1. Which net charge results for the neighbourhood of residue 3, defined as the other residues with beta-carbon distances under 12 angstrom from its beta-carbon, given Lys and Arg at +1 and Asp and Glu at -1?
2. For the chain, list log₁₀ I(q)/I(0) at each q in 0.11, 0.23, 0.28 Å⁻¹, using the Debye formula over Cα point scatterers of equal strength and ignoring solvent, two decimals each.
3. Excluding ligands and nucleic acids, what accessible area in Å² is computed for residue 38 using a 1.4 Å probe, to the nearest 10?
4. Using 0.36 nm per residue, how much length does the chain from residue 3 to residue 51 gain when fully extended, once their Cα-Cα distance is taken away?
5. By how many degrees, between 0 and 90 and to the nearest 10, does the Cα long axis of helix 17-28 differ from the longest principal axis of the chain?
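The values are calculated or read from the model by the stated rules, or taken from the named source; none is laboratory data. What you see is a predicted model, and the numbers here were worked out from it, not measured in a lab. Cβ placement follows ideal geometry from the backbone for every residue including glycine, while neighbour counts extend to all protein chains displayed. For accessibility, only protein heavy atoms count, side chains too; no ligands or nucleic acids. Shrake-Rupley method; radii C 1.70, N 1.55, O 1.52, S 1.80 Å.
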Amino acid sequence: MPESWDHVDALILTGRTIQAAQAIREEFGPLSMRDTIEALGERFEYLRDTRPDEFAVNLDGYWDGFYS
C-alpha cells in the first residue's frame, strides 16, 4: 500500500491539492467528497510531520484557495 500513496504524496508536496484529492479517489476507490477531503487532510498532516522539508510550498498558506 505505501506505493499507492507515492503519486498522491507528490501532488500534496507540490501544493496541488485538487489533483491530490482526485488521485485519492482514483487510487482508493469510490469515496465521498467528505471522506476524500478527510484522507487528504490526514495525509497532509502525516507528510508535514514526516517530510516537512520536501514541501515545495509554504506550509502557512498551504490550504489558501482550497474550498470544499
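1. -3
2. The Cα Debye sum returns log10 ratios of -0.22, -1.01, -1.46.
3. The value for residue 38 is about 100 Å².
4. On the way: separation 48, 0.36 × 48 = 17.28 nm, distance 1.59 nm.
Working it through step by step, the gained length comes to 15.7 nm.
5. Its long axis makes an angle of about 40 degrees.
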